[in-house]
Every structure is written in structure tokens, then in C-alpha cells.
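Enquirer: Encoded as C-alpha cells, here's the structure I'll be asking about.
The values are calculated or read from the model by the stated rules, or taken from the named source; none is laboratory data. Everything numeric in this text was worked out from a predicted model, so none of it was measured. Neighbour counts are summed over all protein chains in view; Cβ atoms, including those assigned to glycine, are modelled from backbone coordinates with ideal geometry.
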Amino acid sequence: MVLLMVACGGAPKRPSSPSSPVARPPGNATQLANAVLFRAIGLVGTPYRWGGNTPESGFDCSGLVGYVYRDAAGLVLPRTSTAISKIKARKVKRSQLASGDLVFFGARGRVNHVGIYVGEGRFVHAPNSGGTVRLDELDGHYWRDAWLYGKRVLR
């Protein structure tokens, strides 16, 4: 499974400025977080595809996150999970997560996977080749040990 997760962090690269501050979209943060939450949940079942970033083509992890934030909140994020992890946004601990926060996973401090926290210890993500976008528990077998941190980009 670890090898499958690494593929998510290595999606096709596009020029970006990952450490640049992300422009906050206009609107109420709670409404934006709810829009992100509902859009992400609505994509559960969409096929996984490495490099995919639309419902029609399928999604890898960063493609899913980028699509949801762009579509639901008007926020353009970098293309890879590693680049998304470098945006200037407040880090949050697991105990501080709120719906719409980004959640990052990896090994030895290196990010290789990203998802969207939906609440009650669950997150939406595109986990691996041959799978589909799904809802998983942060305390799940792999995810508990691979947890790195969360980031709040909508508030």
C-alpha cells in the first residue's frame, strides 16, 4: 500500500509557487467549508486515476483536493500533495480539525497523500490505483500511523 500512496505525491508536476500564501476566497468560511464538504462527499465512488483531476477522468489524491477546492470554494491549489502541503496556511492537530480542513499523510515527515476532513474522524480521499474516491477513518489501520498534520485553508 505504501508504494501506491507514493504515486499520489508524484503526480505530474506543473509550475507553481507552493510556499506562496493562498488567496482566501470571498465568502463566509463556514459556508465555504460546507460547500467543500458536500462536493467532496458527492464524489465518493469516482474511480482513481493517477494524474486525474476531474470527475470524468477520475482522480488521484491531489487532483481530487484541487478539483473540490476550485469547484466548491473558488480556491486554486498546487497540483501535487507535496506542493499543497507547502502552502502558507495554519497547521492544525488532529484534535483541532474542522470540516473542510486538508489532512496530510506520509512517512518520515514526507508528505505523499492528501485528503479532505469531513468531521467525526473521517476524511474523503482518492487512495490508490484500482480503487475509488472513498470515505475513511483517520484511525484506520494505515492512516493512523501515516498521519502528519492538518491545514486550515478556508479560515
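Enquirer: Being under 11 Å from the mean Cα position of the chain (by Cα) and either part of a loop (DSSP other than H, G, I, E, B) or of a type outside the set (S, T, N, Q) (or both), is that true of even one residue in region 26-35?
Expert: Within region 26-35, the first condition is being under 11 Å from the mean Cα position of the chain (by Cα), and the residues that meet it are none.
No; the residues of region 26-35 include none that is under 11 Å from the mean Cα position of the chain (by Cα) and either part of a loop (DSSP other than H, G, I, E, B) or of a type outside the set (S, T, N, Q) (or both).
Condition check ((1) over 20 Å from Asn28 (Cβ atoms); (2) without any contact (Cβ under 8 Å) to a residue 40 or more places away in the chain) across all residues:
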{"site": "Gly42", "(1), (2)": "yes, yes"}
{"site": "Pro47", "(1), (2)": "yes, no"}
{"site": "Thr54", "(1), (2)": "yes, yes"}
{"site": "Thr82", "(1), (2)": "yes, no"}
{"site": "Ile87", "(1), (2)": "yes, no"}
{"site": "Arg90", "(1), (2)": "no, no"}
{"site": "Phe105", "(1), (2)": "yes, no"}
{"site": "Val133", "(1), (2)": "yes, no"}
{"site": "Tyr149", "(1), (2)": "yes, no"}
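Enquirer: Restrict the check to region 62-69 and report whether at least one residue is surrounded by fewer than 22 Cβ atoms within 10 Å (Cβ to Cβ), polar (S, T, N, Q) and either touching a Pro at 6+ places or on another chain (Cβ under 9 Å) or modelled with pLDDT of 95 or more (or both).
Expert: Within region 62-69 (the criterion being surrounded by fewer than 22 Cβ atoms within 10 Å (Cβ to Cβ), polar (S, T, N, Q) and either touching a Pro at 6+ places or on another chain (Cβ under 9 Å) or modelled with pLDDT of 95 or more (or both)), the answer is no, since none of the residues qualifies.
Enquirer: Now, a different point. Looking only at region 98-111, filter to residues that are under 24 Å from Pro55 (Cβ atoms) and out of contact with any Ser or Thr (no Cβ under 6 Å at 6 or more places or on another chain); which one of those is surrounded by the fewest Cβ atoms within 10 Å (Cβ to Cβ)?
Expert: To start, the set of residues in region 98-111 that are under 24 Å from Pro55 (Cβ atoms) comprises 99-105.
Still in the list and also out of contact with any Ser or Thr (no Cβ under 6 Å at 6 or more places or on another chain): 99-103, 105.
Details: Ser99: 19, Gly100: 26, Asp101: 26, Leu102: 27, Val103: 24, Phe105: 26.
Only one residue fits best here, namely Ser99.
Enquirer: Please find, among Tyr117, Tyr142, the residue that is without any contact (Cβ under 8 Å) to a residue 40 or more places away in the chain, surrounded by 14 or more Cβ atoms within 10 Å (Cβ to Cβ) and not in a loop (DSSP other than H, G, I, E, B). Lay out the reasoning, then the answer.
Expert: Working: Tyr142 fails: without any contact (Cβ under 8 Å) to a residue 40 or more places away in the chain.
None of the others qualify; the one that does is Tyr117.
Enquirer: Tell me which residues, restricted to region 76-104, are out of contact with any Phe, Trp or Tyr (no Cβ under 8 Å at 6 or more places or on another chain) and of a type in the set (Gly, Ala, Ser).
Expert: Residues satisfying the conditions are Ala83, Ala89, Ser95.
Enquirer: Looking at region 16-36, is at least one residue of a type in the set (Ser, Thr, Tyr) and at pLDDT 95 or above?
Expert: Checking region 16-36: not a single residue is of a type in the set (Ser, Thr, Tyr) and at pLDDT 95 or above.
Enquirer: Taking Leu135 as the residue in question, decide whether it is out of contact with any Asp or Glu (no Cβ under 8 Å at 6 or more places or on another chain), surrounded by fewer than 17 Cβ atoms within 10 Å (Cβ to Cβ) and in a strand (DSSP E or B). Explain how you work it out, then say what you get.
Expert: Working: out of contact with any Asp or Glu (no Cβ under 8 Å at 6 or more places or on another chain): yes; surrounded by fewer than 17 Cβ atoms within 10 Å (Cβ to Cβ): yes; in a strand (DSSP E or B): yes.
Yes; evaluated as a whole, the condition is true for this residue.
Enquirer: Next question, about the same structure. Quick one: in region 85-109, which of the residues that are part of a helix (DSSP H, G or I) and more than 16 Å from Leu64 (Cβ to Cβ) is nearest to the chain's Cα centre (by Cα)?
Expert: Arg94
Enquirer: May I pose another question? When the residues of region 120-131 are narrowed to those that are in a strand (DSSP E or B) and in contact (Cβ under 8 Å) with a residue 60 or more places away in the chain, which ends up surrounded by the most Cβ atoms within 10 Å (Cβ to Cβ)? Walk me through how you get there before you give the answer.
Expert: Kept after step one, since they are in a strand (DSSP E or B), are these residues of region 120-131: 122-125.
Adding the requirement that they be in contact (Cβ under 8 Å) with a residue 60 or more places away in the chain leaves 124-125.
Numbers: Val124: 24, His125: 29.
Top of the filtered list is His125.
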